[in-house]
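See structure below.
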Amino acid sequence: MDYMDMDTGDNEPAINVRDSNDLNVNFILRNVDLSLANSLRRVVQSEVPTMAIDLVEIESNTSVLPDEFIAHRLGLIPLTSGNIEKVQYSRDCDCDDYCEKCSVTLSLDARCTDERSNMHLYSRDFMVSNRADLSVGNPVIRDPQGKGILIAKLRKGQEIKMKCIAKKGIAKEHAKWMPTAAVGFEYDPNNLLRHLDLWYEENAKEEWPVSENGKLEPTQEEQEVFDFDATPNRFYVNLETVGGVEADRCFQQGITVLQNKLADIISALSPELANNNPVDDYQPRSPGAGGDDYGNGTSYGGGFSTHGPGAQSSYGGQRTEYAGMTSYGGNY
Amino acid sequence: MVRHRDEAIDAMLEPFYYQKHITEKIDTARDKWNLLPAFLKVKGLIKQHIDSFNYFLETDLKQIVKANQKVCSDVDQKFWLEYTDIRVLRPTRVDEEIQPHGGSTVTPHECRLRDMTYAAPIVVDIKYRRGSTIVKRKDIQIGRMPIMLRSRNCHLKGKNESELACMNECSVDPGGYFIVRGQEKVILVQEQLSKNRVIVESFKGVTQASVTSSTHERKSKTYVLIKKDRIFVKHNILVEDVPIVIVLKAMGIQSDQEILQLVAGADKVYQDQFLINFEEVMKDDIQTQQQALEYIGSRVKIMRRPVGQYHGRNYQQEAIEALSSIIITHVPVQGMNFRPKAIYIAYMVKRVLMAIDDPKLVDDRDYVGNKRLELAGQMLSLLFEDLFKKFNNDFKARVDKVLKKANRTNELDAYEHLKLHSNHITSGMDRAIATGSWSVKRFKMERAGISHVLSRLSYVSALGMLTRISSQFEKTRKVSGPRALQPSQFGMLCPSDTPEGEQCGLVKNLALMTHITTDDDEDPVRKIVFILGAEDISCSTGVEMYRDGAYIIFINGTPIATTMQPKRFLTGFRKFRRMGRISEFVSVYINHHQAAVHIATDEGRVCRPLIIVEKCRSRVTQRHLESMRKGMMDFDDFLSRGLVEYLDVNEENDSNIALYETNIQAHTTHLEIEPFTILGAVAGLIPFPHHNQSPRNTYQCAMGKQAIGAIGYNQQVRMDSLLYLMVYPQKPLVKTRTIELIQYDKLPAGQNASVAVMSYSGYDIEDALVLNKASCDRGFGRCQVFKKTNIPLSRNINGSLDIINAGLLDLTKEQHKKLDWDGLIMKGEKVTKGDIYALKQTPLNTTPSTLLRPEGASRTIQYKNAHPSYKLPVGAVIDQVALTSSESDITNIKILTRQTRRPELGDKFSSRHGQKGVVGLIAEQADMPFSQNGVCPDIIMNPHGFPSRMTVGKMLELIAGKSGVMTGALQYGTAFLKPRDPGVQSVVEGYGSELIKHGFHYEGKDMLTCGITGEVIPSYVFTGPIYYQKLKHMVQDKMHARATGPIALLTRQPTEGRARDGGLRLGEMERDCLIAYGASQLLRERLMLSSDQHTCDVCAECGLIGYSGWCQVCESSAGVRKMVLPYAAKLLIQELGSMNVRTSLKLVEEFPASKME
């Protein structure tokens, strides 16, 4: 992907993607407040929905590992969650227990018959069925042998037969729904803002290695005068996923989730909208399932398929639409 | 023999060579410690237990039988029975046929599961007289001996890893314990003052030399003490203390000159001190041996004699008996030759005189060289000898009873009677080990707490128990001496591993290389002594013995010879030992203060191997280490070639030992193998312990035993009453050599947590930890708890049995849904409080009498339901259901329940540096601080934990671990580890430079960003991996509250304790607060209304308690009032009444009429 350099001095929020592949995206987020940048990080880590095995119906388990041990392992297996919006939250679904609209069934049926060696059960051995979208709920397999994750080992005569129900969820509930691995986040690598008291034993320069990002910014020596009013506005983000969602998409979904959350607050606080959704019978609902006019990306401009100006306009758009209604956007 | 089961150890040996190639040069200075794994390969960690037990089976047992070989009858002089041999076979089941050579299929694990005793038949060969013929019989079982696991008779002996796996046994498990009635029992090592050694003590101004003589027959203590400048002999058998001169005269040394010389030599000072003793004897006018014997005989306590025998006393005879076989029994008197014993007593006197002259010569009771450790073998031999004697007595009594009969129908066959008593020995051994109380009547020994259940909380706790030493004596003594760290325990006993509190310093642990000796035969040693040119002591006079330059040679504390060239004698003796002519465990050393050469061959001395240094060069050279690496030499070869030898504490203190090869000087005699071996197995887990404050290492030693982790390879098939397992245990990133040697990395107990040392949220004060919720989701600190419930189907007195009545099963009942067709709960079923385990029924009538049953009544037994159920408030899963039958043929249903627990608030965690803490907060990962790379800690620890604790080792562990993570290698934090590069000052420097290479600060500090605000945390934060242990104290097992609930029967007050759903006590101090505050109504409520309020009738007239409005004493209802009081008060009044103490209550109007006006 080719992005033009947006560093033209304007104050529009911008994203500069430095490197990207399906597991990892490395970009510079500019011209946003620290709080927004951090909110995005938090949301990406804990509120972007993914699929993960949530229910395990055990028909037979004669392995050495107890049921809940295996169930816990199964839950942590990353599943592809690209088109997660095609799957509903189970609690919002019409069905009683679970159905193909809100879940994916992965079944595991293995029995070791080999006398000499133990059978290794990998995540590739799942049979995936009953799902709304074919791209959802496949175990992520990234190793060169294509085996996936080792679930259990079976000895001759041992058997594992279980039906696993993967559901949509967010990492706030359980870390198995976390789409990300490590999310790197850094601003002001050379400490121009003096947020960090630069402790050193003898010589700061020798003792503290300069980070990669630090090379892109002026050093403290180059800084002419310390600016008391300066705020951070360049954020070096490196987002790594566990493979369930592409990295850039994961970030976009994070933006969507954050927007929806903010929209919920606005709707709750604005009087005319509040009437539609009286506080009295407010019921908990899933993030993103706004119900009102604030559904997925409706009033925020188009979808969020690009990192560039499209996203920016949506930020701008909000400002005009809700200006003066709440404090939100006021100090933006 | 041990060699071929060492696949595991061989693999373990590899990393010890620093990943060097075989061709690489060996540096003796650095690689000499490779001897240590070689030592453990041959000796094993708990070899002392197994060696001791083996010695008991091989040698001691036969000696006991030899000493009690013949049984004769008092009635028929012709009858006799003789034991010709005794053997212990390999373990069998009780009901199995004895096959002297064939094997049984019983395994230790079967015994654990079936509540059996892992025991082997004891068989004897006998020869006896039947009528006029002499009959020989072989292989007659006289009892069963519990067998120590991995001893020479154990089925596990010599098995390799896969064979052990087939027997459901863990290959890492060290053995060394017994299985009695299904329980694993360890006989702890007992520490005692050495036997048969003269100890000079001085307290309250009395200086005395004492010796505890111990032989198979008798144990007694003899004192030589000084009172008002005069010297006496004191012994329990003597009514009063006997002057020393009289004792020596009684022993045949009649000349005063000889006495003086024997006692004081030619030394004028000692002679002057001693002279006064002669005056005393003069007064009594005792000159000859006869007179002396008469004197002593009249002061011997009267021994009980068989009834009907001559009651008159023969003083001389009694004195001779007392002197020869009761006083100082371990010095034998052969053919009325009292001289050795006289020399012995004279020597004791000399020691007393010396100690008075120079108080420095008083012995130190706490000196490790003066102590002996008693092991399982010795304890069992005491017990067995007692039981065997009782067995023989019983047998004799039976035979006598039969022989007494005038007209017997058939010839007496002793064999029939011998067989009848085999149960005594079996049950005696079983009971002693199972209860831990040893009672040996012969020695009036009554000791409790000898054996303990092997703690299986974690692998280290089991190991720690097997190396534990408990001190038998002076538990109540308020002095600190016995508890203090003794310099002489260097290298023998672990300086760190001791409990806190009551037992502090009394319970100790063995160091890594310690070995405890077994008994060696004295005779060959005695021969060598004379071969080396020493002169027999019984041929020398006192002057000769004590002349200048003469050294007395002692064997096991008894003087046997003198020499004028002690140094030459010593080197000669050592040469013989290094050549293998004498056992390697015989020690020899010179005590210059006493002018004595001591040779010790007795059992229970602690010793350890050291490298021999000759001519300023280590005997172990590169060549030897190379051939050891190639497997051509093992530790025993090092011993037999005289490269390495064992030194006991006394000899160690007579040697000059260099710590490192560079320290060797002209007078150096030995070289330490490796300094970290001064620590024990448990303290060895601590990385960088030499950087910690010493009590922290001690705390970790206590906590390492509480850590949840892997227990053994057979943990899945075990059925312990309580078992904690960690779901994902990890081997520590920073390990030590000890960890590898004890194979802790195969059965670890803990996880490598990434830790940030910073303050966060305020929920981390007072050592609380903040945990990352996502880490807990992913399995950090997750553990399984297994609990066993026994459902015994016991036999009642009338012979009726408890039953499982599957016929009651009614699947329409909600309660029965989880039961299987056999009436037992199904495996894998989830249970909550109140769920039934089994449809058990007990007979209604369990009284033994059958007479009560009316004639013609049906013989069917009536049953009532007694369904056992799950009791705990938190649910669990049924892990296993097992039906077992024990040796007494009682069916026992064992149900194992399993809980999987994730960490919660209040669970206890600890690092390996005595830094424990509870979870104070479980924070969202998004809220946790993170580094630029997005790395987020699992645990946040408050930095206030460091300054006062001074656990620098923990910081080093973090830095070492961090560099290990970066380089992808496990790091070492072994105690006293020296850096490989001589230019570097400490190992940490290497880790620091490694960190710099990977873009980190060398001190392990990182810049973190706050997860909540996104701002950089103003200070750098110390971040990196630290090994954390989850301890067994979990909130779920402790939390408890109650509104109302059960009350105790007697006092009607709420019950106590969580297990009984008890109330929470408002204690005395809390009560004091309320009194001080004046909250009278609150007090009334807490102490009475909410506890044991009781209303009773009190008679205002007489003040006694009445009943239903009537006073029994006044016989009226006139003055009876209702009164509210605590039930306990009412109970007290009545109990006093039962003791004839009248308690009357005076009643006063609450609102007197006078005041109402």
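The values are calculated or read from the model by the stated rules, or taken from the named source; none is laboratory data. Note that the structure is predicted; figures quoted are calculated from it, not measured. We place every Cβ from the backbone using ideal geometry, glycine too, and count neighbours over all the protein chains shown. These area figures cover heavy atoms from the full protein model, side chains too; ligands, DNA and RNA do not enter into them. Shrake-Rupley method; radii C 1.70, N 1.55, O 1.52, S 1.80 Å.
Less than 12 Å apart at the alpha-carbon level, and either on another chain or at least 8 residues along: which aspartates and glutamates does that give for A:Lys156?
A:Asp114, A:Glu115
Which of the trypsin sites (Lys or Arg not before Pro) across region B:445-531 are loop residues per DSSP, with 14 or fewer other Cβ within 10 Å? Don't jump to the answer; show the numbers that get you there.
On the way: sites: B:Arg447, B:Arg456, B:Arg468, B:Lys475, B:Arg477, B:Lys478, B:Arg483, B:Lys508, B:Arg526, B:Lys527; in loops: B:Arg456, B:Lys475, B:Arg477, B:Lys478.
Passing both the DSSP loop test and the Cβ count: B:Lys475, B:Arg477, B:Lys478.
Can you tell me the relative contact order of chain B? Whole percent, Cα pairs under 8 Å, sequence separation 6 or more. Spell out each step's value before the answer.
Values: 2236 pairs, mean separation 106.1, N = 1157.
RCO, chain B: 9 percent.
Between the alpha-carbon centers of region A:128-206 and region B:414-455, tell me the distance in whole angstrom.
Between the Cα centre of region A:128-206 and that of region B:414-455, the gap is 60 Å.
Name the long-range amide H neighbours of A:Ala182: under 5 Å, sequence gap of 5 or more, or other chain; modelled H, no Pro or chain starts.
Hits under the 5 Å cutoff: A:Glu240.
Calculate the dipole size of the protein assembly as shown relative to its Cα centre from +1 charges on Lys and Arg beta carbons and -1 charges on Asp and Glu beta carbons; express the result in debye to the nearest 20.
Details: 183 positive and 184 negative charges, 1558 e Å.
Dipole of the protein assembly as shown, to the nearest 20 debye: 7480 debye.
Quick one: Karplus J couplings for region B:817-832, per residue in order, coefficients 6.51, -1.76, 1.60, θ = phi - 60°, nearest Hz, x for Gly and Pro?
Here the 3J(HN,Hα) series is 4, 8, 8, 8, 4, 8, x, 10, 5, 8, 5, x, 7, 8, 10, 10 Hz.
Taking the Cα centre of region B:636-740 as origin and charging only Cβ (+1 Lys, Arg; -1 Asp, Glu), how large is the dipole, in debye to the nearest 20?
Values: 7 positive and 12 negative charges, 183 e Å.
Rounded to the nearest 20 debye, it is 880 debye.
Output the DSSP H helices from chain B with an along-axis C-alpha extent of no less than 27 Å and a mean Kyte-Doolittle hydropathy no less than -1.0.
Span-like helices here: B:376-404.
List, largest first, the extents of the alpha carbons of region B:134-190 along their principal axes, each in whole Å.
51, 31, 20
Give the residue from B:Tyr367, A:Thr113, B:Phe786 lying farthest towards the positive end of the charge dipole for the protein assembly as shown; charges sit on Cβ (+1 for Lys and Arg, -1 for Asp and Glu) and the dipole is referred to the Cα centre.
The listed residue farthest towards the positive side: B:Tyr367.
Can you sort B:Trp80, B:Trp438 by 1.4 Å-probe accessible area, starting with the largest?
Correct descending sequence by accessible area is B:Trp80, B:Trp438.
Straight-line reach from A:Lys101: which aspartates and glutamates fall under 17 Å, measuring Cα to Cα and dropping same-chain residues less than 8 apart?
Once the sequence-local aspartates and glutamates are set aside, what remains near A:Lys101 is A:Asp54, A:Glu85, A:Asp92, A:Asp133.
Just the C-alpha atoms of chain B: what Rg/Rh do they give, with Rh taken as the Kirkwood radius?
Details: Rg = 36.2 Å, Rh = 35.5 Å.
Computed over Cα atoms, the ratio is 1.02.
With a 1.4 Å probe and all protein chains left in place, how much of the accessible area of region A:51-170 comes from carbon and sulfur atoms, in whole percent? If you can, show how the numbers build up before the last one.
Values: 2640 of 5870 Å².
The C+S portion of the solvent-accessible surface of region A:51-170 is 45 percent.
For region B:1075-1156, which trypsin sites (Lys or Arg not before Pro) are both in a DSSP coil and crowded by at most 11 other Cβ atoms within 10 Å?
On the way: sites: B:Arg1084, B:Arg1086, B:Arg1121, B:Lys1122, B:Lys1130, B:Arg1142, B:Lys1146, B:Lys1155; in loops: B:Arg1142, B:Lys1146.
Those satisfying the criteria are B:Arg1142, B:Lys1146.
Give, to the nearest whole percent, the P(r) tail of region B:92-214 beyond 24 angstrom, counting all Cα pairs.
Numbers: 3866 of 7503 pairs.
I get 52 percent for the Cα pairs in region B:92-214 exceeding 24 Å.
Dividing the Cα radius of gyration by the Kirkwood radius, what Rg/Rh value follows for region B:1092-1156?
Numbers: Rg = 12.4 Å, Rh = 12.4 Å.
Rg/Rh: 1.00.
Diagonalise the Cα gyration tensor of region B:518-603 and give the resulting equivalent ellipsoid semi-axes, square root of 5 times each eigenvalue, largest first, whole Å.
Numbers: eigenvalues 87, 32, 27 Å².
Computed over region B:518-603, the values are 21, 13, 12 Å.
Can you list the residues in region B:916-939 whose accessible area drops by at least 30 Å² when all protein chains are present, compared with the chain alone? Use a 1.4 Å probe, heavy atoms only.
The answer is B:Glu924, B:Gln925, B:Ala926, B:Phe930, B:Gln932, B:Gly934 - residues whose exposure falls by at least 30 Å² when every protein chain is included.
Projecting each Cα onto the charge dipole of the protein assembly as shown (Lys/Arg +1, Asp/Glu -1 at the beta carbon, about the Cα centre), which of B:Ser993, A:His195, B:Ile64 comes out farthest on the positive side?
B:Ile64
Ranked from the most accessible area to the least, with a 1.4 Å probe and all protein chains present, what is the order of B:Tyr972, B:Tyr177? Don't jump to the answer; show the numbers that get you there.
Details: B:Tyr972 35, B:Tyr177 0 Å².
If we order B:Tyr972, B:Tyr177 from most to least accessible, we get B:Tyr972, B:Tyr177.
Hey, could you get me the Stokes-Einstein D for region B:582-677, Kirkwood radius over alpha-carbon pairs, 20 °C and 1.002 mPa s, rounded to whole µm² s⁻¹?
On the way: Rh = 14.3 Å.
Answer from the Stokes-Einstein relation: 149 µm²/s.
When the distances between all Cα atoms of region B:932-992 are binned every 10 Å from zero, what whole-number percent does each bin get?
Taking all Cα pairs of region B:932-992, the binned fractions are 18, 44, 30, 8 percent.
Just subtract the alpha-carbon distance of B:Val239 and B:Asn423 from 0.36 nm times their residue separation and send over the number in nm, one decimal. Intermediate values should be presented prior to the final figure.
On the way: separation 184, 0.36 × 184 = 66.24 nm, distance 4.12 nm.
Full extension from B:Val239 to B:Asn423 adds 62.1 nm.
Treat each spin label as a single point 7 Å out from the Cα along the C-beta direction, and report the A:Arg124 to B:Gln472 distance in nm.
6.6 nm
Checking a compactness column here: for region B:781-825, what do you get for Rg(Cα) / (2.2 N^0.38 Å), N being the number of residues?
Values: Rg = 15.4 Å, N = 45, 2.2 N^0.38 = 9.3 Å.
This ratio for region B:781-825 stands at 1.65.
Let me spell out the model: positive unit charges on the Cβ of Lys and Arg, negative unit charges on the Cβ of Asp and Glu, origin at the Cα centre of chain B. What dipole size does that give, in debye rounded to 20? Let's see the in-between values first.
Numbers: 152 positive and 132 negative charges, 392 e Å.
Charge dipole of chain B: 1880 debye, to the nearest 20.
Taking each residue of A:170-177 in turn, how many C-beta atoms of other protein chains fall within 10 Å of its C-beta, and what is the average? Before the final figure, lay out the partial values.
Numbers: counts 0, 6, 4, 1, 5, 10, 3, 1.
Rounded to a whole number, the mean comes out at 4.
Report which residues of region B:739-781 become buried by 20 Å² or more of accessible surface when going from the isolated chain to the complete set of protein chains (1.4 Å probe; DNA, RNA and ligands ignored).
Residues shielded by partner chains are B:Lys773, B:Asp777, B:Arg778.
With the full set of protein chains in place, find how many percent of the accessible area of region B:621-711 is carbon and sulfur; take the probe as 1.4 Å. Kindly include the intermediate steps, with their values, before the conclusion.
Numbers: 1370 of 2990 Å².
Ligands and nucleic acids excluded, carbon and sulfur reach 46 percent.
Provide B:Thr1023, B:Thr215 ordered by accessible surface of protein heavy atoms (probe 1.4 Å), highest first. All intermediate terms of the calculation are to be shown ahead of the outcome.
On the way: B:Thr1023 15, B:Thr215 40 Å².
Ranking B:Thr1023, B:Thr215 by accessible area, largest first, yields B:Thr215, B:Thr1023.
On each of the three principal axes of the Cα atoms of the protein assembly as shown, give max minus min coordinate, whole Å, ordered largest first.
Extents along the principal axes, in whole Å: 129, 101, 88.
Using the structure shown, select from A:Lys172/B:Lys916; B:Lys43/B:Lys615; B:Lys746/B:Lys962; B:Lys127/B:Lys396 the pairs with a Cα to Cα distance greater than 19 angstrom. Please report the intermediate quantities before stating the final value.
Working: A:Lys172/B:Lys916 29 Å; B:Lys43/B:Lys615 29 Å; B:Lys746/B:Lys962 22 Å; B:Lys127/B:Lys396 15 Å.
Violating the 19 Å limit, Cα to Cα: A:Lys172/B:Lys916; B:Lys43/B:Lys615; B:Lys746/B:Lys962.
Restricting the calculation to Cα positions, tell me the Rg (one decimal) and the Dmax (whole number) of region A:51-170 in Å.
Rg, Dmax (Cα atoms, Å): 14.7, 49.
Which loop trypsin sites (Lys or Arg not before Pro) in region B:915-987, with loop taken from DSSP, have no more than 14 other Cβ atoms within 10 angstrom of their Cβ? Intermediate results must be reported in sequence, preceding the final value.
Numbers: sites: B:Lys916, B:Arg949, B:Lys954, B:Lys962, B:Arg980; in loops: B:Arg949, B:Arg980.
Of the trypsin sites (Lys or Arg not before Pro), the ones in loops of region B:915-987 whose Cβ has at most 14 other Cβ atoms within 10 Å are B:Arg980.
R0 = 35 Å: FRET efficiency of B:Gln1093 with B:Ala448, Cβ-based, nearest 0.05?
Details: r = 43 Å, r/R0 = 1.22.
Once rounded, the FRET efficiency stands at 0.25.
What does the buried accessible surface come to for A and B, summed over both chains, with the probe at 1.4 Å? Round to 100 Å². Provide the component values of the computation, followed by the final result.
Working: alone 18580 and 53960 Å², together 69220 Å².
Answer for the A-B pair: about 3300 Å² buried.
For the protein assembly as shown, report the accessible area per residue in Å² (1.4 Å probe, heavy atoms, rounded to an integer).
Details: 69220 Å² over 1489 residues.
Computed with neighbouring chains in place, this is 46 Å² per residue.
Structure shown: which of B:Lys204/B:Lys350; B:Lys70/B:Lys389; B:Lys787/B:Lys840; B:Lys70/B:Lys136; A:Lys86/A:Lys161; B:Lys136/B:Lys404 lie over 18 Å apart, alpha-carbon to alpha-carbon?
Details: B:Lys204/B:Lys350 20 Å; B:Lys70/B:Lys389 11 Å; B:Lys787/B:Lys840 20 Å; B:Lys70/B:Lys136 14 Å; A:Lys86/A:Lys161 28 Å; B:Lys136/B:Lys404 24 Å.
Exceeds cut-off: B:Lys204/B:Lys350; B:Lys787/B:Lys840; A:Lys86/A:Lys161; B:Lys136/B:Lys404.
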